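The values are calculated or read from the model by the stated rules, or taken from the named source; none is laboratory data. The structure displayed is predicted, hence computed values, not measured ones. Here the Cβ positions follow ideal geometry from the backbone for every residue, glycine too, while neighbour counts run over all protein chains shown. Surface accessibility is based on the protein's heavy atoms, side chains included, excluding ligands, DNA and RNA. Shrake-Rupley method; radii C 1.70, N 1.55, O 1.52, S 1.80 Å.
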Amino acid sequence: MSNINWYPGHMAKSFRELEKHLKLVDIVMILLDSRIPKSSMNPEILKRVKDKPTLILLNKSDLADKKVLSEWETYYKKEGFYTLQIDATDKRSLSKIYPLVRNVILHDKVEKILAKGRQLTPFKTMILGIPNVGKSTLINNLGTRSVAIVENRPGVTRKLNWYRLSDEFELLDTPGVLWPKFDQTTGYNLAITGAIRDDILPLDDVVIYCLEYLSKYYPEQLKMRYRLDSIKDPIRILDHIGKTQGALLPGKEIDYDRVYGIILKDIRQNRLGGLSFERP
């Protein structure tokens, strides 16, 4: 499989806009999928936010392998970033973000403001993330009120919209940051977790890759879910699932398209338990 364009367009222009707007915010939040913290990270983003306080939010943490996710946290911390495991659909999970920002990440800034006798105002942030990683859900649930525009403030090339999420955060609405071309493994990871549409890559290739990965790293979970005696041959696994779950065509032929759907749905709905599809 050759490299695939996530979106057509000019990334360079998008990143020039991003760099202009970085100076306007107190902190950058980058949202990743906990199961694929590398594949869901636009690699160009890290190069540009290095000098800005940055919090990496590992979303869908309940779906990931906790041990591997801890290794990813250690990896990103060594790279100089703050990290936090979250579930963007759970407001209780998101309640940890502001204390971490106020008391740790921006502690020195807060102390200087308070020492001058000034009142603490909402922190200005931008939230970055590839499509379908949960950014809209995070923004909606991070707010304690309906998201409202605060005012237009002059930017370099156009006016920027600031949105008041709560008494704690204002969000800078920035131009979208486009995704670069991605390689085969990244594409498979994005497909398995549902970050890209199922019709972008050949599903047979995606599922075979997935079964080989699960056979290597999560053999017991794979065996238990589908009551398998052997996991050496992906095709035999597909045939077994087709027969045991009734995914059959006339003449009792295996309906592989249905089998692919069964496997991907099981993974996305956490029916095999916590899984991580890449390691730091």
Report summary line: By the mean-Cβ-within-10 Å protection proxy, highest first, 27-36, 193-202 rank as 27-36, 193-202
Query - Kirkwood estimate for region 187-280, i.e. one over the average of 1/r between Cα atoms, Å - result: 13.5 Å
Report summary line: Only helices counted: for the chain, with every DSSP H run of 4 or more residues adding -39500 (n - 2.57) and the sum spread over all residues, [θ] at 222 nm is -11500 deg cm²/dmol
**Report entry** Anchor residue 77: aspartates and glutamates whose Cα lies under 15 Å away (excluding residues fewer than 8 positions away in-chain)
**Finding:** 51
Report task. Roll a 1.4 angstrom probe over the protein heavy atoms and tell me the percent of accessible area of the chain that is carbon or sulfur. Result -> 48 percent
Report summary line: Karplus ³J(HN,Hα) for region 29-44 (6.51 cos²θ - 1.76 cosθ + 1.60, θ = phi - 60°; Hz, whole; x = Gly/Pro) runs 10, 10, 9, 10, 8, 4, 7, 9, x, 8, 5, 8, 9, 5, x, 6
Requested in this report: Quick one: give the max-minus-min coordinate of the C-alpha atoms of the chain along each principal axis, largest first, in Å.
Outcome: 77, 36, 35
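Can you give the accessible area per residue of the chain, in Å², using a 1.4 Å probe? Mind showing how you got there, number by number?
Details: 14510 Å² over 280 residues.
With the other protein chains kept in place, the chain gives 52 Å² per residue.
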Query raised in the report: Residues with amide H under 5 Å of residue 31's amide H, sequence separation 5 or more or different chain, H placed in the peptide plane at 1.01 Å from N; which?
Result: 57, 128, 129
Report task. Could you tally the net charge around residue 30, taking each other residue with its Cβ under 14 Å from the Cβ of residue 30, Lys/Arg +1 and Asp/Glu -1? Result -> +3
Report task. Report, by chain and number, residues whose modeled amide H sits under 5 Å from the one on residue 85, excluding near sequence neighbours (fewer than 5 apart, same chain). Result -> 58
Query raised in the report: By a straight-distance test (C-alpha under 15 Å), which aspartates and glutamates pair with residue 232 as possible cross-link partners, with residues fewer than eight away in the same chain excluded?
Result: 212, 220
Query raised in the report: Could you give the angle, 0 to 90 degrees to the nearest 10, between helix 66-78's Cα long axis and the longest principal axis of the Cα atoms of the chain?
Result: 40 degrees
Query raised in the report: Given H placed 1.01 Å from N in the peptide plane, which residues other than close sequence neighbours of residue 161 have an amide H under 5 Å from its amide H?
Result: 173
Query raised in the report: Residue by residue through region 121-138, which ³J(HN,Hα) values in whole Hz follow from phi under the Karplus form 6.51 cos²θ - 1.76 cosθ + 1.60 (θ = phi - 60°), with glycine and proline marked x?
Result: 9, x, 6, 8, 9, 10, 10, 10, x, 5, x, 6, 9, x, 5, 5, 4, 4
**Report entry** Cα-based reach from residue 23 at 19 Å (exclusive), listing lysines while leaving out same-chain residues under 8 positions away
**Finding:** 13, 47, 50, 52, 109, 112, 124, 159
